[in-house]
Amino acid sequence: MQTFLNNAEMFLYNIIHLPNLISVLDIIIMAVLLYQLVMLTRQTPAIQVVKGLAVLLVISLLSELLGLTSLNWLMQKLLNNPALLVVILFQPELRRMLAQLGQGAGLEHTLSGASETENQRIIREITQCCIRLSRRRVGALIVFEQKTGLKEVIETGTQLDASISAPLLENIFEPNTPLHDGAVIIRGQRIVSAACVLKLSESHALSRDLGTRHRAALGISESTDAVTVIVSEETGTISLTRDGHMTRHLDAAALTAALNELYTEQPSFLRRVFSRFNVRREQKGVQ
């Protein structure tokens, strides 16, 4: 604990007395990391852990200032290795952050070989399926794999490798059929698995009137970059989850717009830069 306090004191001293470019860069990096930690733990059980650690830190500082030897010894033992403590307590959040940093090729590559006509057909098929299921109050959960691979989730269900069509999806989610209970995983233009089991979200912000499908959809969007579409069995409401957030009461137009965004290839950063460079060069040539 004393080492931590000494490092904190040295950090503050460097900020105040050595305001150079490296110090400014150090502060910016730390601010970004802290902000990302807050965003990862927001509206999750981990935020309560953060508050608990803050309380322990305050108690430790007060015990040292007031000379409470026994209490200070206990706090030092608890906070003696903060790095290990953070790894243990925030394992799911750290895993998600590392997964986001290491995201490789996923949906972008599967879409690269598909024509715009095929993508538009898929969007129409999925939208028609969801609207029909919504009218009949038939529950559905469709997961769209993106950059983060969902191999572990896919293996929990029945692997299909089938072309996407509204009749097939409706048949999968038809009540009292072998594959209706679970999630369908879509990778690009193919249905790769059905009846998959998803981990439920532990978010306390989720409304109590939402059932297991919505909690499962929110759970996978919290731990991966997958996008999910849910049709409520009770109300027929169509919802969408992305990055740990849920949008409800989608109509056909809103769902189509969301799927269009999902199935539209976004140009890479370098491609955008070179595109702007070429446009500027052409404009100069015209002048």
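A short reminder: the numbers here are calculations on the coordinates, not readings from a lab. The structure presented is a predicted model; accordingly, all values stated were derived computationally and were not measured. We place every Cβ from the backbone using ideal geometry, glycine too, and count neighbours over all the protein chains shown.
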Worksheet item: Which whole-Hz ³J(HN,Hα) couplings does the range 54-63 yield from phi under the Karplus relation 6.51 cos²θ - 1.76 cosθ + 1.60, θ = phi - 60°, glycine and proline marked x?
Response: 5, 5, 4, 5, 5, 4, 5, 5, 5, 5
Worksheet, complete the sentence: The residues ARG187, ARG208, sorted from fewest to most surrounding Cβ atoms within 10 Å, come out as ARG208, ARG187
Worksheet item: Which listed residue (LEU206, VAL192, LEU218) has the Cα farthest towards the positive end of the charge dipole for the range 107-262, taking +1 on Lys and Arg C-beta and -1 on Asp and Glu C-beta about the Cα centre?
Response: LEU206
Fill in: Local electrostatic count, ILE154, Cβ distance below 9 Å [Lys/Arg +1, Asp/Glu -1]
-1
Practice prompt. Quick one: which residues, 5 or more positions from THR228 or on another chain, have an amide H under 5 Å from its amide H? H modelled 1.01 Å from N in the peptide plane, none for Pro or chain starts.
Written response: PHE144, THR241
Worksheet item: Which shape class applies to the range 107-262: rounded if a/c is under 1.5, otherwise prolate when a/b exceeds b/c and oblate if not, where a ≥ b ≥ c are the square roots of the Cα gyration tensor eigenvalues?
Response: rounded
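Going by how many other Cβ atoms sit within 10 Å of their own, how do GLU155, GLU233 line up, fewest first?
Fewest to most other Cβ atoms nearby, the residues stand as GLU155, GLU233.
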Item to complete: Classify the range 138-221 as rounded, prolate or oblate from the Cα gyration tensor: take a ≥ b ≥ c as the square roots of its eigenvalues, call it rounded if a/c is under 1.5, otherwise prolate when a/b beats b/c and oblate if not.
Response: oblate
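Fewest to most neighbouring Cβ within 10 Å: what's the order for ILE185, ILE172?
On the way: ILE185 29, ILE172 22.
Ordered by Cβ neighbours within 10 Å, fewest first: ILE172, ILE185.
Subtracting the Cα-Cα distance from 0.36 nm times the residue separation, let me have the gained length for LEU79 to LEU206 in nm, one decimal. Before the final figure, lay out the partial values.
Working: separation 127, 0.36 × 127 = 45.72 nm, distance 3.26 nm.
This chain segment gains 42.5 nm when fully extended.
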